[in-house]
Amino acid sequence: MDIRINDQNLDFTIENNETLGDVVKDIEAWLDGSDLVLYSVKHQDQDLLSQPYEEWAKTPHSEVGTLNVMVKHTRELTVLNLQTILEYLDLLKQATTSGIGKLLGELLSGFPALMESVRKHFPDPDATLQSLIALFLHAEAEEVPGWPEEKMQQAVKLIDLVSGTVSFRLQELQDPRAALETLSGALKICIEEISEISILLQTGKDRQAMDTMVRFSELSQSLVRLVASVLPDSADPGKQLTVGGMSLQDFYQELNGILDELLEAFDANDSVLIGDLMEYEVAPRLEQLRTFLQEVA
């Protein structure tokens, strides 16, 4: 049996008693630990991975002439998956608003699997994603066109919000510098919101304050990913990168210490301390970080 990986012959040792299933598992083991993932395995123009394993796994390798294997980088697969999610959400929006029953039925049948895919990219779903899941998970295609106008508008808004989040994650991978510029603008808005948390808590607007905290948390995670991906290309080996007069590592270490205090304040339901930490400790450091991002983006 000849094995070709991405159209290149592979020098691969196969034992006499191995089956096709064994060979595929050996290839997966060979790829393990690399940044490559098995994408397709074709025999006679049929993609084995899209067929039930038991239908082809026991085939003796001697009966297989050529096995065409395609592998992709994990980053490339992530991009493809995010694009698929966006295409699905766009179709879901169209089918929901137009009442196309057949298309909506097909989309809703695949909704649980699609959400599992989304969770791989966003393991800690926010309130928006949770609301979208709650709205569509058990929905019937026949009932959706009859939803009240308010519910229909909510559905469209949730789809748009989740699409926006997925689009930004895609931009992080495809053009991290552009994403960093986008994030710098979002950081400016976040700083303004954070400075108001103390007032929100004092006036009993706990939900609004919590929403601000959630946005801040998501923004922080995106910042860590983007800074890590962009800095290696922009860093001058002879120049130490600093934020507010501190090394990047020391800056994040100090910020993380403040965030730990913030979590303790939330656990203690200490609204005064929460407001003070956000306004006088977190917000100024985020402003320093925003200035730094503008310099390196």
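Conditions: (1) free of Cβ contacts under 8 Å to residues at least 12 places away in the same chain; (2) in the same structural domain as R225 (by TED's automatic domain parsing); (3) surrounded by 15 or more Cβ atoms within 10 Å (Cβ to Cβ). I189 meets all but one. Number of the miss?
With respect to (1) free of Cβ contacts under 8 Å to residues at least 12 places away in the same chain; (2) in the same structural domain as R225 (by TED's automatic domain parsing); (3) surrounded by 15 or more Cβ atoms within 10 Å (Cβ to Cβ), I189 is out only on (3).
For residues that are touching a residue at least 40 places away in the same chain (Cβ under 8 Å) and out of contact with any Pro (no Cβ under 9 Å at 6 or more places or on another chain), scanning just segment 17-36, find the one that is surrounded by the most Cβ atoms within 10 Å (Cβ to Cβ).
V23
If you check E116 against the conditions, is it in the same structural domain as S220 (by TED's automatic domain parsing), out of contact with any Ser or Thr (no Cβ under 9 Å at 6 or more places or on another chain), assigned to a helix (DSSP H, G or I) and among the charged types (D, E, K, R)? Break it down stepwise before answering.
On the way: in the same structural domain as S220 (by TED's automatic domain parsing): no; out of contact with any Ser or Thr (no Cβ under 9 Å at 6 or more places or on another chain): yes; assigned to a helix (DSSP H, G or I): yes; among the charged types (D, E, K, R): yes.
Spelling it out, it is not the case that E116 is in the same structural domain as S220 (by TED's automatic domain parsing), out of contact with any Ser or Thr (no Cβ under 9 Å at 6 or more places or on another chain), assigned to a helix (DSSP H, G or I) and among the charged types (D, E, K, R).
Since E55 meets every condition but one in (1) closer than 23 Å to K120 by Cα; (2) in a helix (DSSP H, G or I), which condition does it not meet?
Among (1) closer than 23 Å to K120 by Cα; (2) in a helix (DSSP H, G or I), E55 violates only (1).
The values are calculated or read from the model by the stated rules, or taken from the named source; none is laboratory data. Predicted, not measured: the structure shown is a model, and the values here were computed from it. All Cβ positions, glycine included, derive from the backbone under ideal geometry; neighbour counts span all protein chains shown.
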